[in-house]
Structure formats: C-alpha cells, structure tokens
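The values are calculated or read from the model by the stated rules, or taken from the named source; none is laboratory data. Note that the structure is predicted; figures quoted are calculated from it, not measured. Cβ: placed from backbone, ideal geometry, glycine included. Neighbour counts: every protein chain shown. What goes into the accessible areas is simple: the full protein's heavy atoms, side chains included, and nothing from ligands, DNA or RNA. Shrake-Rupley method; radii C 1.70, N 1.55, O 1.52, S 1.80 Å.
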Amino acid sequence: DARVTQTPRDKVTEMGQEVTMRCQPILGHNTVFWYRQTMMQGLELLAYFRNRAPLDDSGMPKDRFSAEMPDATLATLKIQPSEPRDSAVYFCASGLYNEQFFGPGTRLTVL
Amino acid sequence: AQSVTQLDSQVPVFEEAPVELRCNYSSSVSVYLFWYVQYPNQGLQLLLKYLSGSTLVKGINGFEAEFNKSQTSFHLRKPSVHISDTAEYFCAVASGSSNTGKLIFGQGTTLQVKP
C-alpha cells in the first residue's frame, strides 16, 4: 500500500531556529505539493513541483521559506529563521494527473 | 480564477440520519471535482472524484456526490451516518484544461455525528 511519508511527525523548536521537514512522495508520482494548515487560514498551498522542477511557490514567504526536490524520492521544506506564526501542520502530497495523496503531516510548534 | 465555497462550516447530525454537505464552485472552464476527508490528526484522504461521465459519483464509506453543471455544485451525501464519520470534509476543484494537478480547496465543513 503506497503512501506519502513525512518526517518528523512533530517538531517543537524555538524562534530563530532552522526547521527542515521532509517528504517521500509515492514512487511514480510526478507532482509534489506542500500545504500548510491552521485554524485561522485553513489549508494553504505553499509550493508545488512537477518532475522535480518548481512550478509555483507563490504561496510561500520567500524570505524565510524554501522548498526543494533533491531527487525524485525526497522533497524538503525549510524555514530559516522560524517564527511563532509558522506554527501549523505542514502537509506534503504527491500526485499523478489530478489526484493528490496526502501524507500524515508535520505538526510544527515554534515557541 | 477558480474558487470553491463550502456553504456550511459545521454540520451537526444524529447517528443514522442522512447528511448533505454543500459545495459550490466557480470556473469558466471544465473542471474536475473532489471530496476529501480529514480525520483528527491525520492527512486528507480522497473520498470520491468526478472527472467525466456519470454525474452521480460513488465513493468510499457509503458517500456519494452529484455534479450539477448548471448549478455549479458538487454536494456530498450519505443516507445514514455513523459516529466514525465525524471529521472535516473538503471540497476541491481542478482545472480540466490546464492539467497542472493543482487543486483549489474549500474552507472545509466539520461533520459532527452525535449518538
């Protein structure tokens, strides 16, 4: 049963620290998405890739967030420096055509 | 630009009662439509999808949805809900022409099933 995996599942850090979240998409999927979910804003699309190339990262705060796909089996989302307002659940999803499969999420708490 | 509106933020219902979660979309092109469910502390899981063909789509866990092009709606229904259906439900739309795979999500509807 193929699944999207995310690590870590939970992360507590202090303001100013660097945070890296990792995602392993389902093998064979050609698109990868990063979302952020909060109570106030709901589900927001941060960035997405097709065939490892970034297609759109307009949802990301450019000064502190970066997203990459070093290879087809790994996508990363980095925040540097982190701020309390970054506290949220971050989801990775991978897809083929128009269906997306979500990972379990990384719950980030920035103190 | 495409958008999705879920008309109810919360829907309380008693167990074994029928339920309808409403979703309207706006798009000037052909669309693909989806419903996802999110259980507490989990990611989103696909319930059902409309890509083409029959406007009545059946999904997992006894859910179904009907695509109504004239009303630009894609309402989700279940004839008899269970306590285990308590979750957040998201309607989403993708452009049928751009094929980017990008989905536009609604704000979500919390279904609360009471015993």
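Some observations on this one:
- Percent accessible area from carbon and sulfur atoms, the range B:29-115, protein chains only, probe 1.4 Å: 51
- Exercise: per-residue mean of other protein chain Cβ atoms within 10 Å, B:36-44: 5
- Whether the range B:1-86 is rounded, prolate or oblate, judged on the alpha carbon gyration tensor where a/c under 1.5 counts as rounded: prolate
- Gyration tensor verdict on chain A (Cα atoms; rounded if a/c is under 1.5, prolate if a/b is larger than b/c, oblate otherwise): prolate
- Pairs from the list B:49/B:114; B:58/B:78; B:78/B:102; B:78/B:114; A:11/A:78 with a Cα-Cα gap above 22 Å: B:49/B:114; B:78/B:102.
- About the centre of its Cα atoms, chain B shows a dipole size close to 320 debye [charges on the beta carbon of Lys, Arg (+1) and Asp, Glu (-1) only; nearest 20 debye].
- With Cα atoms defining each centre, the range B:50-87 and the range A:62-111 are spaced 30 Å apart in the structure.
- Accessible area per residue was computed with a 1.4 Å probe on protein heavy atoms; residue A:12 scores about 100 Å².
- Placing unit charges on the Cβ atoms only, positive for Lys and Arg and negative for Asp and Glu, gives chain A a dipole magnitude near 100 debye about its Cα centre.
- Legend: mean number of C-beta atoms from other chains within 10 angstrom of residue C-beta atoms, peptide B:102-110, equals 4.
- Ranked by solvent-accessible area (1.4 Å probe, protein heavy atoms only, all chains present), the residues B:77, A:36 order from largest to smallest as B:77, A:36.
- Computed from backbone phi, the HN-Hα couplings of the range B:73-88 come to 10, 8, 7, 9, 9, 8, x, 8, 8, 10, 3, 5, 7, 4, 4, 9 Hz, rounded to whole numbers (Karplus: 6.51 cos²θ - 1.76 cosθ + 1.60, θ = phi - 60°; Gly and Pro given as x).
- Fluctuation leader among A:87, A:58, A:66 - chain A, Gaussian network, Cα springs under 10 angstrom: A:58
- For the pair B and A, total buried accessible area rounded to nearest 100 Å², probe 1.4 Å: 1600
- Taking the charge dipole of the range A:5-105 about its Cα centre, with +1 at Lys and Arg Cβ atoms and -1 at Asp and Glu Cβ atoms, the residue from A:27, A:41, A:91 reaching farthest to the positive side is A:27.
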